[in-house]
Each structure stands twice: as C-alpha cells, then as structure tokens.
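One structure is given below, encoded as structure tokens.
The values are calculated or read from the model by the stated rules, or taken from the named source; none is laboratory data. All figures in this text were calculated on a predicted structure; none of them were measured in a lab. Cβ: placed from backbone, ideal geometry, glycine included. Neighbour counts: every protein chain shown.
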Amino acid sequence: MTTIASVQHLSRFVDQDVRLRGWIYHKSSKGKLHFVQLRDGTGIAQCVLFQKDVPEALFEAVGRAGQESSLELVGRVKADARAPGGYEISVNDGVVHQAVDGYPISPKEHGPDFLLSQRHLWLRSKRPWATLRVRDAVITALRQFFDSRDFLLVDSPVFTPSACEGTSNLFEVEYFERKAYLTQSGQLYAEAAAMAFGNVYCFGPTFRAEKSKTRRHLTEFWMLEPEMAYATLDDVLDLAEDMLCHVVQEVLRRRRPELEILERDTAKLEAIQKPFPRMTYDQAAEILKNHPDSTFRYGDDFGAPDETILSNMHDRPVMITRYPKDVKAFYMKRDPEDPTKALCVDVLAPEGVGEIIGGSQREDDLDALLTRIKEHELPQEFFEWFLDLRRYGTVPHGGFGLGLERTVAWICGLEHVREASPWPRLMYRIEP
RNA sequence: UCCCCGAUAGCUCAAUGGUAGAGCAUUCGGCUGUUAACCGAAGGGUUGUAGGUUCGAGUCCUACUCGGGGAGCCA
C-alpha cells in the first residue's frame, strides 16, 4: 500500500510515490492528458494524468468526473515550478469513488445570497477554507495566551434566567414550566468565577435578538470574556493589548498561505505592536467635534461613522476609555475623578472595522451597585447572587469581551462578519 | 423599527413599452502543459407572487414575498 500523504505535507515526499485522497477542485483536460487540482482538505495539489501512464478505465473515469468528484490518485511527487504550490503528482493509478456532474458552485463569481444558501458546500471553496483556518488559529492563540498567563477557563451558561445588561434583544426559550433566555454575555458569571479562581475567562456562543442588518452583526456569535480579581481599568487595557498582539503574531506565524489566499495586506498586520494608542472619550469627542463627517454630540455614544473616523486615524487598534456613564452598562464602576464617566474601554480595530472589544472595571461597592440596578430599572431579585459577590469579600476587578467573528473578520480583511463564522446566523437566515 | 437598493436559465448578468440573450456550469466531439484553458455543437425560461395600465409589459403602476446595504444597538 502506497503511503497516504496530505497535500499540506507534500514537500516531505518529493520523488516518492504517494496516495492522495480527496476531491476534484478543478480539472482541465487536453485530449490525452488530464490536469486535476486535487483538494484534500489540507490544501490543493496539481495531479497530471497522461493517458499512456494510467489504466484506461481510470483515464476515462477522470474524464467523466466533474468538480467535487471524490477520488484517490497514486503517483510520484515532483517539484515543478509550473504547478501551483510548486509540487505536482505524476499519476500512475487511482480510483474515482463518485463522479459528480453539476456541482452548484462554479469557479466563477457568485452572490452572497446564493453562497450562504450553499454554505454546506461553500465551505470547500478557497476563501472559506482560508478564513476558517485563520479562525482556528485565532482561537488556539487565544486559549494559549490565557493558559500561559494562568487564567482558568470557566465557562458561563447559555440558558439564563434574565438579561445580563437589560431585558431587550434576548431570545426567549421555553424552559419546562417557565421562560429562559439565551445568554447575551457570560460576564456576570465570569465575575463570580474570578472571585473563586482569581483570573478566569469564558469562551462560548452568545446571542443577540437585535434586528441588525449590517456587516458587523450576527445573531449568534462567539465571545471570549476574561475577568481578573484585584484588577483596575489599566490592567484591563494592558491585557487586551497583549492579547491582540499575541493573536496577530500567531496568525502571521501559522497562517501565511491562508492570508495570501484572502489577499490580505500582511504589512497592516505586522504593524500591530505595542503600544496601542489610548485616548479618553473626551479626547475622542474633541476630534469628532471638528470633523466634517461626524454628527456626534457630546454625551452621546459614538456612532458607527464616528468609530470609523477614529479607527482610521491609527495603524493599530485604538483604545477609548471613560465614556459617559449614561451610555454604558450598569455594572461598570464610575471614575472617582469624574463621577459622570465610567471606568470602561472600547477597542476599535483599524481599517474601519470598528469595535472588537468592550470592557471595564466593575462596580465593586454594594450600595453603588444597588443604586445602579434601581436606576436601570432591573429586577433586583435576579441579581441577588451577583450582589453577593459585593457582600462577601468584594475586591476591585475587571475584564472585557472580545467578539471572535469581528476579530477574525479584521485579521482576514473580510467585508462582512458572516464569512468569519462557519454557520452564520443572521436576522433573515438560519439555514443551512 | 426606519431609510436606500435589488429579484430574468443552475450561477453571474444583458435586453429603448414591440421575436427571451451572452458568458460560465451541464451533455457530446476535438486537442500532450492546463492554471477561471481553448475550438466546435447541443439541451436549458410560468422574467419572485398577485393585480392593474396598454393594441402589446422582463420593462410602467400598486400591494405582497424574499434578499442585499445602512441607521439605531452592540462584540
């Protein structure tokens, strides 16, 4: 039996006979020879079948086999500059498992509606392949980063009894005799875990029933939320900065070919180095006040065009701190130097991508948090356990939430976050 | 929820209110170096749905359905 090789590691088998198992990505025939671009999941390799070198039945079978036909080909690996990837298989044997005709996704252009409806097949194409391999590297780098810093993974529940930040925009589900909601953030549970384990993070799916139809929104997305006991806003900023640098470095180290397929300008990723620019809301407001394209009014949150203006001013993520308390969540601690502000941060990715991280130092004072819950008209009974964290050994603490798909979209240079998810869930799309 | 845009062959798109078209894909034939090959031939249509205007509607009008982009909100 000939050695089974993967396209990824083809260079290890030069001048050896190997067996490749996969699918036809593309084929072109010239009379007495076929060129088969064989896709095996790890990459694409060019295989050449000369009629005189292979069994007649195989030559005819390959001739009839269209795009995405499944097959195994056996042959010698040769370095050949004419072949994409630099290696080529001179085929002498093989078998077509299933000859396909009429595969829906041709090498030509397609629209997003069609491609999303064919997501189960679209995954096989080059761009999704490259994108999802970058996503894998991002996730691996994130876990590695937190593990190396002794953060413990403590996941938060998906079913929750009520809202973390407010009652709107939640998906409601039947939960036996009562209602439950799909989580929109694991943060409150991460805070409890931080009091038990010190530094923790949770990483899982979150859900927003917001009727958003933009390139930045999914109804289901993955969020990574670290939480640190005995931490201040500055600690949160430092952590976010180190984390993003590590993730980008790891993607550059491990996923160069994928970034090339995506035609990503890697110079823009090389520029992601410490320190990131940091400014306060007031400083950002001053910039927007004088900007012709902004309709910003002091006291409001920044709109999407405002974020674009601010992020385009820098070649690396910009960290904006200390927003007005009224536009931010109830659990954020107020700035002791200016009680109208919250000790919070938004991290805006460059190139107009916008917000990928939102974080804060948390309110650790029981009475202040009680007041805040009343101000926001939240049902206190659902937050008693959360208030317990302030009753029994409260400490300064903080953390942030990182949107995975937005981060992947930024690193890959995607137009829309839906491509950063293998099975994107959008307001008007839940299939396949 | 609001604003803008779109829907014609499997896909991407054309068609001045007057005969429904092309490229790709598919099928068949040809070709020993293709990279989204090339050359020749064939099949493929209830123009999103329902009404209306008109001698005549893919084209104009109304409603609906589905989708795309954006706002707000957020990661």
Test: residue in the stretch A:51-74 that is buried (at least 19 other Cβ atoms within 10 Å of the Cβ), hydroxyl-bearing (Ser, Thr, Tyr) and out of contact with any His (no Cβ under 7 Å at 6 or more places or on another chain): yes
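Tally time: how many residues in the stretch A:297-327 are under 24 Å from A:Arg215 (Cβ atoms) and within 13 Å of RNA strand B (Cβ to nearest atom)? Let's see the steps before the verdict.
Keep residues of the stretch A:297-327 that are under 24 Å from A:Arg215 (Cβ atoms), which gives A:300-320, A:323, A:327.
When the remaining residues are screened for being within 13 Å of RNA strand B (Cβ to nearest atom), the result is A:300-311, A:317, A:319-320, A:323, A:327.
Adding up the residues that qualify gives 17.
For the stretch A:325-380, name all the residues that are among the charged types (D, E, K, R) and either closer than 16 Å to A:Asp301 by Cα or in a strand (DSSP E or B) (or both).
So the first thing to find is which residues in the stretch A:325-380 are among the charged types (D, E, K, R), and the list is A:325-326, A:328, A:333-335, A:337-338, A:341, A:346, A:351, A:355, A:362-365, A:367, A:372, A:374-375, A:377.
Scanning the stretch A:325-380 gives A:Lys325, A:Asp326, A:Lys328, A:Arg334, A:Asp335, A:Asp338, A:Lys341, A:Asp346, A:Glu355, A:Arg362.
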Search result, residues across the stretch A:348-395 that are on the phi > 0 side of the Ramachandran plot and free of Cβ contacts under 8 Å to residues at least 40 places away in the same chain: A:Glu377
Residue in the stretch A:131-145 that is outside the structural domain of A:Ser212 (by TED's automatic domain parsing) and β-branched (Val, Ile, Thr) present: no
Helices (runs of 4 or more DSSP H) within the stretch A:45-151 that include 3 or more residues within 13 Å of RNA strand B (Cβ to nearest atom) and in contact with a Phe, Trp or Tyr (Cβ under 8 Å, 6 or more places away or on another chain): none
Count of the stretch A:97-127 residues which are of a type in the set (A, V, I, L, M, F, W, C), out of contact with any Lys or Arg (no Cβ under 8 Å at 6 or more places or on another chain) and over 26 Å from A:Arg264 (Cα atoms): 1
Residue in the stretch A:227-249 that is under 14 Å from the mean Cα position of the chain (by Cα), under 19 Å from A:Arg406 (Cα atoms) and near RNA strand B (Cβ under 10 Å from one of its atoms) present: no
Candidate set: the stretch A:381-422, residues that are assigned to a loop (DSSP other than H, G, I, E, B) and within 14 Å of RNA strand B (Cβ to nearest atom); chosen: the one nearest to A:Phe151 (Cα to Cα): A:Ser421
Evaluation of A:Val158 against (1) more than 21 Å from A:Arg362 (Cβ to Cβ); (2) away from RNA strand B (no atom under 16 Å from the Cβ); (3) of a type in the set (A, V, I, L, M) (one fails), failing number: (2)
Cβ pairs under 7 Å, 6+ apart, first in the stretch A:184-211 and β-branched (Val, Ile, Thr), second assigned to a helix (DSSP H, G or I) and within 14 Å of RNA strand B (Cβ to nearest atom): A:Val200/A:Ala190
Flag for A:Cys164 being over 22 Å from the mean Cα position of the chain (by Cα), surrounded by 20 or more Cβ atoms within 10 Å (Cβ to Cβ) and either of a type outside the set (Phe, Trp, Tyr) or at pLDDT below 95 (or both): yes
Filter pass, A:His9 being in contact with a Leu (Cβ under 8 Å, 6 or more places away or on another chain), free of Cβ contacts under 8 Å to residues at least 40 places away in the same chain and not in a loop (DSSP other than H, G, I, E, B): no
Top-ranked residue of the stretch A:12-35 - restricted to ones that are within 13 Å of A:Glu88 (Cα to Cα) and touching a residue at least 40 places away in the same chain (Cβ under 8 Å), ranked as nearest to the chain's Cα centre (by Cα): A:Leu20
